[in-house]
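The values are calculated or read from the model by the stated rules, or taken from the named source; none is laboratory data. All values derive from a computational prediction rather than experimental measurement. Cβ coordinates were reconstructed from backbone atoms using ideal geometry, including for glycine residues, and neighbour counts include every protein chain displayed.
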Amino acid sequence: MMTFHGYFRSSSAYRCRIAFNLKGVEYEFRPVHLKSGAQKGETYKALNPQMLVPTLETEGGDTLIQSLAIMEWLDETHPEPPLLSRDPITRAKERGFSQVIACEIHPLQNLRVLKYLAEELDADEDAKNAWLSRWLTDGLEACEGLLAQRETATPFCYGDAPGMADICLVPQVFSAQRFNMDISHLSLVNEIYANCAALDAFEKAHPKNQPDFEA
């Protein structure tokens, strides 16, 4: 069985949990408590030198990092249901949408970035909230714009079933809610989030339903 190292509140780990659930893939979970610094321990650092989550140890003994790479590997080794379209153009759009979130929005709200703002730059709560509001709102507004460009409106980002784009969107909306960002004006983002939230695979992956959950 695969071993998955994650943290209940990590957006990156959240993405992988959704993907595992959609694919019906089982794994052994090992929590990495980010707030206590468990990711910096020698054992975990040897496994993932970046000292981030998620990390996946495959049944074959390989170690994979970064949520998008893990999801693409999962899609290639467990092809049904697909997380990416078979159409090359749609697939590129799905990857682009996913990268807007994983590469442009999420890193700016990362725990280590927020700690740096507070500890190294003396940013107070108001300054941190202004930082979060700027980058989370701008990023999700870009996602709304990309969804508005679709030729056909669909219940999920790029089709009638959830895929990688939806998997990335849901944890990011959760983060916006957690940080009290007002995204009520993003009608397409909120509609798709609601459609995903109604599915068991997404509900089971929610941070509150994880064994390492802390209120």
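Pairs linking a residue in segment 145-171 that is in the same structural domain as Phe97 (by TED's automatic domain parsing) and outside any loop (DSSP other than H, G, I, E, B) to a residue that is surrounded by fewer than 18 Cβ atoms within 10 Å (Cβ to Cβ) and among the aliphatic types (A, V, I, L, M), with Cβ atoms under 6 Å and 6 or more positions apart or on different chains, are Leu147/Leu188. Checking Glu76, Glu94 one by one, the residue that is in a helix (DSSP H, G or I) and either buried (at least 17 other Cβ atoms within 10 Å of the Cβ) or touching a residue at least 12 places away in the same chain (Cβ under 8 Å) (or both) is Glu94 and no other.
The set of residues in segment 60-87 being touching a Leu at 6+ places or on another chain (Cβ under 9 Å) and at positive phi consists of Gln66 alone. In segment 176-197, of all residues being of a type in the set (Gly, Ala, Ser) and touching a residue at least 12 places away in the same chain (Cβ under 8 Å), the one that is farthest from Asn129 (Cα to Cα) corresponds to Ala197.
Residues that are touching a Leu at 6+ places or on another chain (Cβ under 8 Å), crowded, with 18+ Cβ neighbours inside 10 Å and over 23 Å from Pro82 (Cα atoms) within segment 6-59 comprise Tyr7, Arg9, Ser10, Leu34, Gln39, Val53, listed in sequence order. Of all residues in segment 185-215, those satisfying the criterion of being of a type in the set (S, T, N, Q) and under 19 Å from Cys157 (Cβ atoms) are Ser187, Asn190, Asn195.
Picking from residues in segment 60-72 that are touching a strand residue (DSSP E or B) at 6+ places or on another chain (Cβ under 6 Å) and without any contact (Cβ under 8 Å) to a residue 40 or more places away in the chain, the one that is surrounded by the fewest Cβ atoms within 10 Å (Cβ to Cβ) is Thr63.
Matching residues to (1) surrounded by 14 or more Cβ atoms within 10 Å (Cβ to Cβ); (2) among the charged types (D, E, K, R); (3) modelled with pLDDT of 95 or more:
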| site | (1), (2), (3) |
| --- | --- |
| Cys157 | yes, no, yes |
| Gly163 | yes, no, yes |
| Asp166 | yes, yes, yes |
| Val173 | yes, no, yes |
| Gln177 | no, no, yes |
| Leu188 | yes, no, yes |
| Tyr193 | yes, no, yes |
